[in-house]
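Asks: One structure is given below, represented as structure tokens, and several questions about it will come after.
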Amino acid sequence: MHRFTSRRPSAAMVVATVALVAALGGTGYAATSLPANSVGTTQLKSGAVTSVKLGQGAVQAANLATDSVTKRAMAAGSVGSPEILDDSIAPRDLQVGAVTVGTIAPGAVINSKIGSSAVTNSKIGTSQVSARNVGTITVRSASATITATTSTGAPTKVLVTARCLSGEKVLGIGSSWNGAISDATETDYVRFLTTSAGAPAGAVGRGASNVTVARVFTVQVSCLR
């Protein structure tokens, strides 16, 4: 009859057993064992968070750092009129040169979407604004005729005013005369016509003529709707 002798395991056997248990059990944590808010920036690999990982509406304005949305971060044509709140775009929201043709859908930028004096020269990239990116531009004008005068008499002066319609913004002003360049006509001034609040609303100009035939003085204002 065989007798079994009980032996104490060797140190090598103990080390091997521990190693086997560690290999089979692993040292990682399942997602269900992670404490709340335990995954931070340092735990995420670069590029780990993609668009498919984000729920609809997951990224809100409060989640974005100032100047974090640049033209590289926006797909071509991704910003349309429905995505922009009225008067929501201010100078501090745009990086220098961030507004390009590729990032703005055709007709997306209309009058109500832009805050007062929000778009300055430094906010727009070179040659980035084309006719398809803005609303309708209309040149409105008003004229006055100066009847024939004697060349030796005092010039006759007229005051002419041209206005944009309600809901339009003034882009520029100017004036013109009919007749020859050599005529004795003179534009005293052309100025912006402003509202009581100081906003441009049109143009006012004064012209003078000392020509022996009738001449027409015209004031123009470019209006954006």
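Asks: From the phi of every residue in the range 153-166, what ³J(HN,Hα) in whole Hz does the Karplus formula 6.51 cos²θ - 1.76 cosθ + 1.60 yield, where θ is phi - 60° and glycine or proline is x?
Replies: Listing the rounded values in order: x, 5, x, 8, 10, 9, 10, 10, 10, 10, 10, 7, 7, 4 Hz.
Asks: Label-point separation (nm) for Ser78 and Asp188, each offset 7 Å from Cα along Cα-to-Cβ?
Replies: Between Ser78 and Asp188, the simple spin-label model gives 5.6 nm.
Asks: Let me ask something else. What are the residues whose amide H is under 5 Å from the amide H of Ser175, where those residues sit 5 or more places off or on another chain and H is modelled from the backbone?
Replies: Gln220
Asks: Here is a follow-up. For Val134, what residues show an amide H to amide H distance below 5 Å, using hydrogens built from the backbone and excluding near sequence neighbours?
Replies: Sorted by chain and number, the residues that satisfy this are Gly107.
Asks: Which of the peptides 122-129, 206-213 is most tightly packed, and how do the rest follow, going by the mean number of other Cβ atoms within 10 Å of each residue?
Replies: Working: 122-129: 13.5, 206-213: 18.8.
Going from most to least packed, we get 206-213, 122-129.
Asks: Could you give the length gained on full extension between Thr145 and Ala214, defined as 0.36 nm per residue of separation minus the Cα-Cα distance, in nm?
Replies: On the way: separation 69, 0.36 × 69 = 24.84 nm, distance 0.67 nm.
Separation in residues times 0.36 nm, less the Cα-Cα distance, equals 24.2 nm.
Asks: Now for a separate question. Can you give me the distance in nm between label points at Ala90 and Thr156, each placed 7 Å from the Cα along the Cα-to-Cβ direction?
Replies: 5.3 nm
Asks: Evaluate the distance, in nm, between pseudo-label points positioned 7 Å from the Cα of Ser46 and of Gln60 along their respective Cα→Cβ axes.
Replies: So the label points at Ser46 and Gln60 sit 3.1 nm apart.
Computed from the coordinates by the stated procedures, all read-outs in this text should not be read as laboratory data. Remember, predicted model here, so these are calculated numbers, not experimental data. For neighbour counting, all protein chains shown are included, and Cβ atoms are generated from backbone atoms with ideal geometry for every residue, glycine included.
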